[in-house]
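Values quoted throughout were computed directly from the atomic coordinates according to the rules given, and no laboratory measurement underlies them. The shown structure was predicted, so the numbers you read here are calculated from the model rather than taken from an experiment. Neighbour counts are summed over all protein chains in view; Cβ atoms, including those assigned to glycine, are modelled from backbone coordinates with ideal geometry.
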Amino acid sequence: MSTNSLRTPQRHLGSPFGARSTAKDVLAGIDLAGKTAIVTGGYSGLGLEAVRALHDGGAAVVVPARRPEVAAETLSEAGLDDVEVASLDLADQGSVQAFAESFLGSGRSLDILINNAAVMACPETRVGPGWEAQFATNHLGHYALTNRLWPALIAKPGARVVALSSTGHKLSPIRFEDPQFSTGYDKWKAYGQAKTANALFAIELDRLGADHGVRAFAVHPGGIMTELQRHLPVEEMRAAGWINEQGKVNEIFKSPAQGAATSVWAATSPLLEGLGGVYCEDCDVAEPTDLDSPTARYAGVDAHAIDADAAQRLWQLSAELTGVNAF
């Protein structure tokens, strides 16, 4: 029997928030005092806005960063001097282990883990034992991080893990026959596979973690102009309609504060109590993609990104590649 039948239905909940809500909006009336949150990539773009909202809501926030000096400076300039910064390179499994061991060594429990950091559409790059960089960083790094932090996540009930996916998932399912793109590298398909992996990771983590009081959610933040676009030529962004000839950003794009809202909502909303293993967008659970709709490319979640059997298979593959599995 497919485990799909055991999961929260993939349909709107009727959230009072929407596409233009901000991270601050979704936290109105929610007290995070006494809670600890980790936000990867929490010093730029969406991550910084998520950190700001969680911090202002009363949470103690840790930002693991590949460039800790830059992160500390950026957070200080944002008035977030008391946010803790630590060293973490998601493309380096040794670095992931070191960060997790340091956090566990502090004896703290972990209430919120937002796996936000990512690379997008980069030139073909190999990391670690020859892994494709987008799959390794966006998925395998976060997979190992979450598993290594598991003792802190189950230290008290109610922890939530948020995996940032995107509509990029629509570009590729998991290429189980060649996940590392050993032949025919395509930067957008590689990004698509990594974002599908983020969505499937949340599904299987939720299945495995629910009995331990840990729930997981995948999130599409929306289109936002951030450092994520750093590998893209201006000409490519113009051709995609993201910016016009004058460099003005298309109005369909969200601000970083709006883009961070769905992550923060998934991490804290009382509406999601007892739920999990779903893909969210615009501060609500997303509907399955309507393939006949003109919005099919950028709205809803495709079937391959919420397939429970593929999620289990990916978890098994990830455990074999990283040698890490909390279960």
- Message: Restricting the calculation to Cα positions, tell me the Rg (one decimal) and the Dmax (whole number) of the chain in Å.
- Response: 18.1, 54
- Relative contact order of the chain, defined on C-alpha pairs under 8 angstrom at six or more residues apart (%): 24 percent
- Ranked from highest to lowest mean number of other Cβ atoms within 10 Å per residue, what is the order of the peptides 130-141, 39-50? 39-50, 130-141
- Towards the positive end of the charge dipole of the chain, with charges on Cβ (+1 Lys, Arg; -1 Asp, Glu), say which of V62, M120, I306 has the farthest Cα. I306
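Cross-link list K35/K195; K170/K195; K24/K170: which exceed 20 angstrom alpha carbon to alpha carbon? Show your work: numbers first, answer last.
On the way: K35/K195 28 Å; K170/K195 9 Å; K24/K170 29 Å.
Listed pairs above 20 Å: K35/K195; K24/K170.
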- Residue-ordered couplings for region 68-73, obtained by feeding phi - 60° into the Karplus form 6.51 cos²θ - 1.76 cosθ + 1.60 and rounding to whole Hz (Gly and Pro as x), are x, 5, 5, 4, 4, 5
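Provide the gained length on full extension for the span H304 to A28, in nm with one decimal, where the gain is 0.36 nm per separating residue minus the Cα-Cα distance. Write down the numbers at each step before the final one.
Numbers: separation 276, 0.36 × 276 = 99.36 nm, distance 3.45 nm.
Additional length available on full extension: 95.9 nm.
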- Note on the structure: The rounded separation in angstrom of the Cα centers of region 100-127 and region 259-326 is 18 Å
- Quick calc: nm separation of the 7 Å Cα→Cβ label points for D211 and E177 -> 3.6 nm
- Item | Peptides 164-170, 286-292, 193-199, 207-213 ordered by average Cβ neighbours within 10 Å, highest first | 193-199, 164-170, 207-213, 286-292
